[in-house]
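The structure under discussion appears below in the form of C-alpha coordinates.
The values are calculated or read from the model by the stated rules, or taken from the named source; none is laboratory data. Here the structure is a predicted model, which means the values were calculated and not measured. Virtual Cβ from ideal backbone geometry, glycine too; neighbours counted across all protein chains shown.
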(Lines give C-alpha, C1' and ligand atoms only; values in the text may rest on other atoms or scores of the structure.)
Protein backbone atom coordinates (compact mmCIF):
# COMPACT_ATOMS: atom_id res chain seq x y z
CA UNK A 1 0.00 0.00 0.00
CA UNK A 2 1.45 3.33 -1.08
CA UNK A 3 1.29 6.10 1.48
CA UNK A 4 0.60 9.63 0.30
CA UNK A 5 3.78 11.77 0.62
CA UNK A 6 1.74 14.56 2.23
CA UNK A 7 0.63 12.11 4.92
CA UNK A 8 4.25 11.14 5.64
CA UNK A 9 5.23 14.77 5.87
CA UNK A 10 2.35 15.47 8.24
CA UNK A 11 3.27 12.50 10.42
CA UNK A 12 6.87 13.70 10.60
CA UNK A 13 5.78 17.21 11.53
CA UNK A 14 3.43 15.93 14.23
CA UNK A 15 6.13 13.71 15.74
CA UNK A 16 8.65 16.56 15.60
CA UNK A 17 6.23 18.98 17.25
CA UNK A 18 5.23 16.42 19.87
CA UNK A 19 8.85 15.97 20.95
CA UNK A 20 9.67 19.68 20.83
CA UNK A 21 6.57 20.79 22.72
CA UNK A 22 6.32 17.79 25.05
CA UNK A 23 9.90 18.06 26.32
CA UNK A 24 9.33 21.20 28.47
CA UNK A 25 6.27 19.53 30.00
CA UNK A 26 8.25 16.40 30.83
CA UNK A 27 11.12 18.39 32.33
CA UNK A 28 8.85 20.56 34.46
CA UNK A 29 6.83 17.48 35.42
CA UNK A 30 9.99 15.76 36.63
CA UNK A 31 10.81 18.84 38.65
CA UNK A 32 7.36 18.89 40.19
CA UNK A 33 7.75 15.20 40.99
CA UNK A 34 10.91 15.75 43.05
CA UNK A 35 9.31 18.65 44.91
CA UNK A 36 6.04 16.93 45.69
CA UNK A 37 7.69 13.61 46.49
CA UNK A 38 9.50 15.52 49.24
CA UNK A 39 6.21 16.98 50.48
CA UNK A 40 6.26 20.46 48.92
CA UNK A 41 3.63 21.55 46.41
CA UNK A 42 5.17 23.70 43.70
CA UNK A 43 2.62 25.48 41.53
CA UNK A 44 5.37 28.00 40.79
CA UNK A 45 6.54 25.75 37.95
CA UNK A 46 4.86 28.06 35.43
CA UNK A 47 6.75 31.07 36.78
CA UNK A 48 10.05 29.18 36.97
CA UNK A 49 9.65 28.00 33.37
CA UNK A 50 8.93 31.57 32.29
CA UNK A 51 11.98 32.88 34.12
CA UNK A 52 14.12 30.08 32.72
CA UNK A 53 12.96 30.89 29.18
CA UNK A 54 13.81 34.55 29.68
CA UNK A 55 17.18 33.91 31.35
CA UNK A 56 18.20 31.52 28.56
CA UNK A 57 17.53 34.16 25.90
CA UNK A 58 19.02 37.07 27.87
CA UNK A 59 22.24 35.23 28.71
CA UNK A 60 22.53 33.92 25.14
CA UNK A 61 21.99 37.45 23.84
CA UNK A 62 24.95 38.78 25.82
CA UNK A 63 27.27 35.76 25.43
CA UNK A 64 26.17 34.39 22.04
CA UNK A 65 26.47 30.93 23.58
CA UNK A 66 23.17 29.05 24.01
CA UNK A 67 24.70 26.48 26.37
CA UNK A 68 25.69 29.28 28.72
CA UNK A 69 22.11 30.45 28.25
CA UNK A 70 20.88 27.08 29.55
CA UNK A 71 23.19 27.50 32.54
CA UNK A 72 21.69 30.94 33.12
CA UNK A 73 18.24 29.36 33.06
CA UNK A 74 19.31 26.78 35.65
CA UNK A 75 20.63 29.51 37.95
CA UNK A 76 17.41 31.50 37.64
CA UNK A 77 15.40 28.39 38.44
CA UNK A 78 17.52 27.65 41.50
CA UNK A 79 17.05 31.20 42.80
CA UNK A 80 13.25 31.11 42.51
CA UNK A 81 13.11 27.60 43.92
CA UNK A 82 15.28 28.68 46.85
CA UNK A 83 12.74 31.39 47.68
CA UNK A 84 9.93 28.84 47.55
CA UNK A 85 11.93 26.48 49.75
CA UNK A 86 12.63 29.15 52.36
CA UNK A 87 8.98 30.17 52.54
CA UNK A 88 7.52 26.65 52.57
CA UNK A 89 10.18 24.65 54.41
CA UNK A 90 11.92 27.08 56.72
CA UNK A 91 9.06 29.47 57.43
CA UNK A 92 6.30 26.84 57.14
CA UNK A 93 4.37 29.16 54.80
CA UNK A 94 1.44 28.28 52.56
CA UNK A 95 2.66 26.45 49.45
CA UNK A 96 -0.04 27.78 47.15
CA UNK A 97 0.42 31.40 48.20
CA UNK A 98 4.20 31.16 47.80
CA UNK A 99 3.91 29.52 44.38
CA UNK A 100 1.39 32.10 43.19
CA UNK A 101 3.63 34.92 44.38
CA UNK A 102 6.60 33.52 42.47
CA UNK A 103 4.47 33.11 39.36
CA UNK A 104 3.27 36.72 39.51
CA UNK A 105 6.79 37.95 40.17
CA UNK A 106 8.19 36.04 37.19
CA UNK A 107 5.48 37.39 34.88
CA UNK A 108 6.10 40.97 35.96
CA UNK A 109 9.89 40.74 36.07
CA UNK A 110 10.28 39.21 32.61
CA UNK A 111 7.93 41.79 31.10
CA UNK A 112 9.89 44.60 32.72
CA UNK A 113 13.27 43.23 31.64
CA UNK A 114 12.03 42.79 28.08
CA UNK A 115 11.61 46.55 27.97
CA UNK A 116 14.80 47.33 29.91
CA UNK A 117 17.08 45.17 27.75
CA UNK A 118 15.45 45.36 24.33
CA UNK A 119 13.00 48.24 24.57
CA UNK A 120 10.03 46.07 23.68
CA UNK A 121 6.97 44.80 25.49
CA UNK A 122 6.29 41.92 23.12
CA UNK A 123 9.15 39.72 21.95
CA UNK A 124 12.93 39.85 22.12
CA UNK A 125 15.21 39.88 19.08
CA UNK A 126 16.32 36.50 17.80
CA UNK A 127 19.32 34.88 19.46
CA UNK A 128 21.50 31.87 18.71
CA UNK A 129 19.48 28.72 19.32
CA UNK A 130 20.85 25.43 20.58
CA UNK A 131 22.48 23.37 17.80
CA UNK A 132 19.93 20.96 16.39
CA UNK A 133 20.26 17.25 15.66
CA UNK A 134 18.71 15.82 12.50
CA UNK A 135 16.70 12.59 12.53
CA UNK A 136 15.53 11.20 9.16
CA UNK A 137 11.77 11.40 8.76
CA UNK A 138 11.37 13.63 11.80
CA UNK A 139 13.57 16.63 11.13
CA UNK A 140 15.76 18.76 13.35
CA UNK A 141 15.41 18.37 17.10
CA UNK A 142 16.79 20.23 20.08
CA UNK A 143 19.55 18.38 22.00
CA UNK A 144 17.54 18.96 25.17
CA UNK A 145 15.06 16.38 23.87
CA UNK A 146 17.71 13.67 23.85
CA UNK A 147 18.97 14.80 27.26
CA UNK A 148 15.42 14.57 28.62
CA UNK A 149 14.99 11.00 27.41
CA UNK A 150 18.33 10.10 29.00
CA UNK A 151 17.18 11.69 32.28
CA UNK A 152 14.09 9.49 32.59
CA UNK A 153 15.91 6.26 33.62
CA UNK A 154 18.38 8.31 35.69
CA UNK A 155 15.56 9.98 37.63
CA UNK A 156 13.81 6.65 38.11
CA UNK A 157 16.99 5.06 39.44
CA UNK A 158 17.74 7.98 41.76
CA UNK A 159 14.19 8.04 43.10
CA UNK A 160 13.73 4.31 43.67
CA UNK A 161 17.19 2.76 43.95
CA UNK A 162 19.35 5.19 45.92
CA UNK A 163 19.48 6.30 49.58
CA UNK A 164 18.87 9.85 48.39
CA UNK A 165 15.64 8.86 46.65
CA UNK A 166 14.48 6.80 49.62
CA UNK A 167 15.02 9.73 51.98
CA UNK A 168 13.37 12.17 49.59
CA UNK A 169 10.28 9.98 49.34
CA UNK A 170 10.25 9.47 53.09
CA UNK A 171 10.20 13.25 53.58
CA UNK A 172 6.92 13.35 51.68
CA UNK A 173 5.41 10.10 52.95
CA UNK A 174 6.49 9.72 56.58
CA UNK A 175 8.72 12.59 57.71
CA UNK A 176 8.58 11.63 61.39
CA UNK A 177 10.25 8.29 60.64
CA UNK A 178 12.95 10.05 58.63
CA UNK A 179 13.51 12.46 61.50
CA UNK A 180 13.67 9.60 64.02
CA UNK A 181 16.48 8.10 61.92
CA UNK A 182 18.44 11.29 62.49
CA UNK A 183 18.03 12.64 58.97
CA UNK A 184 16.93 16.21 58.37
CA UNK A 185 13.46 16.39 56.82
CA UNK A 186 13.96 20.05 55.98
CA UNK A 187 17.17 19.36 54.08
CA UNK A 188 15.59 16.78 51.79
CA UNK A 189 12.54 18.92 51.20
CA UNK A 190 14.83 21.76 50.17
CA UNK A 191 16.69 19.37 47.86
CA UNK A 192 13.40 18.41 46.23
CA UNK A 193 12.33 22.02 45.66
CA UNK A 194 15.74 23.00 44.25
CA UNK A 195 15.64 20.08 41.82
CA UNK A 196 12.19 21.22 40.70
CA UNK A 197 13.59 24.68 39.96
CA UNK A 198 16.43 23.28 37.87
CA UNK A 199 14.25 20.97 35.79
CA UNK A 200 11.48 23.51 35.22
CA UNK A 201 13.95 26.23 34.20
CA UNK A 202 15.57 23.95 31.63
CA UNK A 203 12.09 23.23 30.34
CA UNK A 204 11.67 26.97 29.86
CA UNK A 205 15.01 27.13 28.05
CA UNK A 206 13.77 24.43 25.67
CA UNK A 207 10.83 26.66 24.78
CA UNK A 208 12.93 29.76 24.10
CA UNK A 209 16.26 28.57 22.63
CA UNK A 210 15.50 24.91 21.90
CA UNK A 211 12.21 24.99 20.04
CA UNK A 212 12.67 28.68 19.17
CA UNK A 213 15.29 31.41 19.36
CA UNK A 214 13.53 34.27 21.14
CA UNK A 215 11.55 35.15 24.25
CA UNK A 216 8.00 36.45 24.21
CA UNK A 217 5.89 37.91 26.98
CA UNK A 218 4.07 35.10 28.77
CA UNK A 219 5.40 32.57 26.29
CA UNK A 220 4.87 29.58 28.59
CA UNK A 221 1.09 30.08 28.22
CA UNK A 222 0.10 27.67 30.98
CA UNK A 223 2.74 25.03 30.21
CA UNK A 224 3.70 24.85 33.89
CA UNK A 225 0.15 23.96 34.87
CA UNK A 226 -0.09 21.35 32.12
CA UNK A 227 3.19 19.93 33.45
CA UNK A 228 1.58 19.64 36.88
CA UNK A 229 -1.29 17.75 35.26
CA UNK A 230 1.22 15.46 33.53
CA UNK A 231 2.91 14.85 36.87
CA UNK A 232 -0.38 13.86 38.51
CA UNK A 233 -1.53 11.86 35.49
CA UNK A 234 1.88 10.11 35.55
CA UNK A 235 1.41 9.25 39.24
CA UNK A 236 4.57 11.09 40.34
CA UNK A 237 6.65 8.54 38.42
CA UNK A 238 9.29 9.46 35.78
CA UNK A 239 8.03 6.97 33.22
CA UNK A 240 4.42 7.99 33.73
CA UNK A 241 5.38 11.66 33.47
CA UNK A 242 7.17 10.99 30.17
CA UNK A 243 4.10 9.31 28.70
CA UNK A 244 1.72 11.98 30.00
CA UNK A 245 4.00 14.84 28.96
CA UNK A 246 4.34 13.51 25.42
CA UNK A 247 0.59 12.97 25.23
CA UNK A 248 -0.11 16.57 26.19
CA UNK A 249 2.75 17.63 23.91
CA UNK A 250 1.09 15.75 21.07
CA UNK A 251 -2.18 17.62 21.51
CA UNK A 252 -0.33 20.94 21.46
CA UNK A 253 2.12 19.94 18.72
CA UNK A 254 -0.76 18.82 16.52
CA UNK A 255 -1.84 22.43 16.23
CA UNK A 256 1.64 23.55 15.10
CA UNK A 257 2.04 20.66 12.68
CA UNK A 258 -1.31 21.15 10.97
CA UNK A 259 -0.60 24.82 10.40
CA UNK A 260 2.82 24.39 8.78
CA UNK A 261 2.70 21.00 7.06
CA UNK A 262 2.17 21.38 3.28
CA UNK A 263 -1.14 20.12 1.94
CA UNK A 264 -3.12 20.88 5.08
CA UNK A 265 -3.53 24.63 4.74
CA UNK A 266 -7.31 24.21 4.80
CA UNK A 267 -7.08 23.31 8.49
CA UNK A 268 -5.71 26.73 9.44
CA UNK A 269 -9.27 28.01 9.53
CA UNK A 270 -10.04 25.74 12.50
CA UNK A 271 -6.86 26.75 14.36
CA UNK A 272 -8.74 28.29 17.28
CA UNK A 273 -10.56 25.03 17.88
CA UNK A 274 -7.35 23.03 17.64
CA UNK A 275 -5.70 25.31 20.22
CA UNK A 276 -8.33 24.16 22.72
CA UNK A 277 -7.27 20.52 22.42
CA UNK A 278 -4.42 20.46 24.99
CA UNK A 279 -6.53 22.12 27.69
CA UNK A 280 -9.54 19.91 27.02
CA UNK A 281 -7.20 16.91 27.11
CA UNK A 282 -5.88 17.99 30.52
CA UNK A 283 -9.41 18.30 31.94
CA UNK A 284 -10.45 14.93 30.55
CA UNK A 285 -7.25 13.24 31.72
CA UNK A 286 -7.55 14.57 35.26
CA UNK A 287 -11.23 13.74 35.30
CA UNK A 288 -10.61 10.03 34.68
CA UNK A 289 -7.69 9.64 37.09
CA UNK A 290 -8.42 7.05 39.76
CA UNK A 291 -5.08 5.57 40.78
CA UNK A 292 -2.95 8.68 41.26
CA UNK A 293 -2.24 8.97 44.97
CA UNK A 294 -0.16 11.95 46.18
CA UNK A 295 2.45 11.61 48.94
CA UNK A 296 0.76 11.35 52.33
CA UNK A 297 2.54 14.31 53.94
CA UNK A 298 2.34 16.67 50.96
CA UNK A 299 1.72 20.32 51.89
CA UNK A 300 1.91 19.45 55.60
CA UNK A 301 4.65 21.41 57.43
CA UNK A 302 6.84 19.15 59.52
CA UNK A 303 7.48 20.36 63.04
CA UNK A 304 9.69 18.40 65.42
CA UNK A 305 8.22 17.48 68.77
CA UNK A 306 10.72 19.67 70.61
CA UNK A 307 9.56 22.64 68.49
CA UNK A 308 5.91 22.21 69.47
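For the list (1) within 30 Å of residue 161 (Cα to Cα); (2) modelled with pLDDT of 70 or more, I need the number of the one condition that residue 290 fails.
The failed condition is (2).
Any residue that is free of Cβ contacts under 8 Å to residues at least 60 places away in the same chain and either within 18 Å of the chain's Cα centre (by Cα) or surrounded by fewer than 17 Cβ atoms within 10 Å (Cβ to Cβ) (or both) - is there at least one of those in the range 15-26?
Within the range 15-26, not a single residue is free of Cβ contacts under 8 Å to residues at least 60 places away in the same chain and either within 18 Å of the chain's Cα centre (by Cα) or surrounded by fewer than 17 Cβ atoms within 10 Å (Cβ to Cβ) (or both).
So which helices (runs of 4 or more DSSP H) stay within the range 79-195 end to end and still have 3 or more residues that are surrounded by fewer than 21 Cβ atoms within 10 Å (Cβ to Cβ) and under 20 Å from the mean Cα position of the chain (by Cα)?
In the range 79-195, the matching helices (runs of 4 or more DSSP H) lie at 95-118, 143-161.
Can you give me the number of residues within the range 179-222 that are under 17 Å from residue 99 (Cα atoms) and modelled with pLDDT of 95 or more?
14
Check 21, 26 and return the single one that is part of a helix (DSSP H, G or I) and at pLDDT 95 or above.
Exactly one of 21, 26 is part of a helix (DSSP H, G or I) and at pLDDT 95 or above, namely 26.
I'm checking my understanding of the structure. Among residues of the range 157-178 that are touching a residue at least 24 places away in the same chain (Cβ under 8 Å) and out of contact with any helix residue (DSSP H, G or I) (no Cβ under 8 Å at 6 or more places or on another chain), which one is farthest from residue 238 (Cα to Cα)?
176
If residue 263 satisfies every condition in (1) at pLDDT below 85; (2) closer than 15 Å to residue 21 by Cα but one, which is the exception?
The number of the failed condition is (2).
Closer than 30 Å to residue 276 by Cα, in contact (Cβ under 8 Å) with a residue 24 or more places away in the chain and within 13 Å of the chain's Cα centre (by Cα), is that true of residue 203?
yes
Among the residues of the range 215-235, which ones are within 14 Å of residue 122 (Cα to Cα) and crowded, with 19+ Cβ neighbours inside 10 Å?
215, 216, 219, 220
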